[in-house]
Amino acid sequence: NFKVNEDFPYRNQPIGVPMLLEVFQKFPNAKLLLDVHCSNLKVVDLFVELIETEFLRGDFIIASEHDKVIQRFRHKKPEWRYGAPSKEAKLMLYSSFLFLDVLFPIKSDILILPKRYGSINDLSKRVLNHAEKRNKPVWAWMYEGKYVKAVETKEEMELLYSLGVDGLFTEYPKKFLNEII
């Protein structure tokens, strides 16, 4: 369903989604964000085993919207790096909006937030200052609601970086790499 300008460029091509093992084997030194969409806690043991046997030289961050998944990972591998799960991110946002951020530390290594969630501006100066004071990088995409919207234009990229965002999500990494260089 990947679409560019009303065209589906990969629809009739023999392209499949690789298994994580294949990604680790083909890119052993890669920097990856491993976003676990499954809420089944059994997946944690599978990930740990796979990473420890097949991705020893790689650099990664584990992320999941499921708090229990991140808790289980942290219990098993406290030395790994983690993105903030949903409850932690929401608590951080609410505490920033209410000027109570000194009471709520950010446990995770990185915050992964949309610029907007519905009508709420998640990347306010207050929120970004909260993260910066704690030396926590913020990665962002443009919008989350019924549909998630990644960064698509140079203007969106420049806006996020002007706000103080450290990284972004896009469906067009080559396009942005060419514009930056």
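The values are calculated or read from the model by the stated rules, or taken from the named source; none is laboratory data. All values reported here derive from a predicted model rather than from experimental measurement. A quick note on method: Cβ atoms are made from the backbone with ideal geometry, for glycine too, and the neighbour counts reach across all protein chains shown. Surface areas here come from the heavy atoms of the whole protein model, side chains and all, with no ligands, DNA or RNA. Shrake-Rupley method; radii C 1.70, N 1.55, O 1.52, S 1.80 Å.
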**Any chance F60 is buried (at least 20 other Cβ atoms within 10 Å of the Cβ), closer than 18 Å to K31 by Cβ and at pLDDT 85 or above** = no
**Item:** Single unsatisfied condition, E179 versus (1) within 16 Å of D35 (Cβ to Cβ); (2) part of a helix (DSSP H, G or I)
**Value:** (1)
**Asked** When residues of the stretch 1-47 are filtered for being within 19 Å of the chain's Cα centre (by Cα), β-branched (V, I, T) and not in a loop (DSSP other than H, G, I, E, B), how many remain?
**Response** 3
**Request:** Could you list, in sequence order, all residues of the stretch 123-155 that are assigned to a loop (DSSP other than H, G, I, E, B), under 22 Å from F176 (Cβ atoms) and either of a type in the set (S, T, Y) or modelled with pLDDT under 85 (or both)?
**Result:** Y147, V148, A150, E152, T153
**Item:** Subset of the stretch 159-178 (residues that are more than 17 Å from P114 (Cβ to Cβ) and open to solvent by 70 Å² or more (accessible area, probe 1.4 Å))
**Value:** P173, K174, K175, L177, N178
**Request:** May I ask you to list the residues in the stretch 143-165 that are within 21 Å of P85 (Cβ to Cβ) and touching a Leu at 6+ places or on another chain (Cβ under 9 Å)?
**Result:** E144, A150, V165
**Request:** Tell me which residues, restricted to the stretch 90-113, are open to solvent by less than 10 Å² (accessible area, probe 1.4 Å) and touching a Leu at 6+ places or on another chain (Cβ under 8 Å).
**Result:** M92, S95, L113
